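Have a look at the structure below, then the notes.
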């Protein structure tokens with residue numbers, strides 16, 4: 001699985017190792033480096049500083065009056081390298097380079113005079129309402145961006161980002177949108193970054209569809225086996241996955257627009273290069289102009305190499321799902337998602353007589369209401385954890 005150049009991997013290792021929550025030995029294992037080499041990278045970073053890695057100038061440049069031609073050239077150079085970046089991002093980049101840039105509005109005017117602003121609202125302030133989880137890896141958002149043509153075949157970009165930090169965990173140039181492809185990509189991400197507590201995905205294959213008998217798929221069952229809860233966006237409401245939707249628009253603007261690729265490998269190379277820019281160098285307005293790498297830390301939950309069968313407490317009513325998706329309980333035939341065929345589910349009594357939670361491991365899948373005089377009595381419920389099951 002490609003992860004960019006060797007220098008990109010070393011820079012990412014050093015950033016993640018600097019986190020207070022980092023387990024250094026676990027990080028070395030995930031990056032497949034010895035601890036001695038890991039400490040060697042840290043010593044080099046500590047000795048040379050970030051400027052030694054990023055090759056940015058520290059020369060101060062002050063302009064108390066009108067912006068100088070030299071500084072204006074710097075502004076336009078950053079814009080030329082990143083045509084989708086506006087005044088705020090360019091100002092932050094120049095600050096990091098040791099310069100004393102003017103205000104973001106002045107930079108926007110420089111761009112406007114140079115004729116490099118696009119669109120009727122370019123440079124205008126916009127109102128946003130943002131929600132985010134409190135910690136890294138509380139929630140990952142995942143989706144396929146719209147596919148596009150290659151020289152031969154099509155590319156289906158799979159994007160996965162951390163909700164709290166906006167860190168881009170995966171941008172995969174995939175040849176299809178099938179379960180095996182997504183699972184392979186997620187496996188590589190889990191081995192590097194650890195397991196999130198929950199993943200938010202869209203509706204439809206291979207994710208499943210909220211509120212329908214196809215809510216669970218082989219992919220979501222695999223995630224549940226790993227202890228990763230799964231939820232879906234509301235149908236026809238892409239704003240539920242607003243961060244990943246916004247990320248995909250940024251990917252289009254900064255990587256795909258005006259470019260073409262012959263092969264998946266060529267597209268992957270471009271994705272890897274831009275993922276480094278997005279995570280490390282590109283200031284993010286939702287993060288108060290910090291970068292995603294400033295806020296991200298790897299998960300303390302490593303991906304297990306093997307998964308034990310589900311176990312339930314003695315008071316649970318355990319049933320095995322038949323090949324056609326049915327179980328029998330208290331004289332009723334109950335239709336379950338076929339993705340759980342061959343697996344053992346548990347029914348647990350709720351506070352309401354005749355109503356039971358239908359559970360897989362620690363995850364409540366649905367409710368069974370025996371008060372209704374019908375055969376199929378499964379009611380879809382939002383994904384949440386059961387307080388009774390240990391795994």
Report summary line: When every residue in region 24-36 that is farther than 17 Å from residue 305 by Cβ and not in a helix (DSSP H, G or I) is compared, the one modelled with the highest pLDDT is 34
Query - region 188-210, subset surrounded by fewer than 19 Cβ atoms within 10 Å (Cβ to Cβ) and assigned to a loop (DSSP other than H, G, I, E, B), residue modelled with the lowest pLDDT - result: 209
Query - Among (1) within 19 Å of residue 159 (Cβ to Cβ); (2) assigned to a helix (DSSP H, G or I) - the single one residue 224 does not satisfy - result: (1)
Query raised in the report: residue 217 is checked against (1) in contact with a helix residue (DSSP H, G or I) (Cβ under 9 Å, 6 or more places away or on another chain); (2) surrounded by fewer than 20 Cβ atoms within 10 Å (Cβ to Cβ); (3) within 18 Å of residue 182 (Cβ to Cβ) and fails just one. What number does that condition carry?
Result: (2)
**Report entry** Filter pass, residue 56 being within 23 Å of residue 275 (Cβ to Cβ), in contact with a helix residue (DSSP H, G or I) (Cβ under 8 Å, 6 or more places away or on another chain) and at pLDDT below 80
**Finding:** yes
Query raised in the report: Is it the case that some residue within region 85-102 is at pLDDT below 80, exposed (fewer than 13 other Cβ atoms within 10 Å of the Cβ) and assigned to a helix (DSSP H, G or I)?
Result: no
Requested in this report: Could you tell me whether region 135-142 includes any residue that is without any contact (Cβ under 8 Å) to a residue 40 or more places away in the chain and not assigned by TED's automatic domain parsing to the domain that holds residue 276?
Outcome: yes
Requested in this report: Mind listing just one residue for me: the one in region 313-339 that is crowded, with 16+ Cβ neighbours inside 10 Å and more than 24 Å from residue 371 (Cβ to Cβ) and, of those, modelled with the lowest pLDDT?
Outcome: 338
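The values are calculated or read from the model by the stated rules, or taken from the named source; none is laboratory data. Here the structure is a predicted model, which means the values were calculated and not measured. Cβ atoms come from the backbone with ideal geometry, glycine included; neighbour counts cover every protein chain shown.
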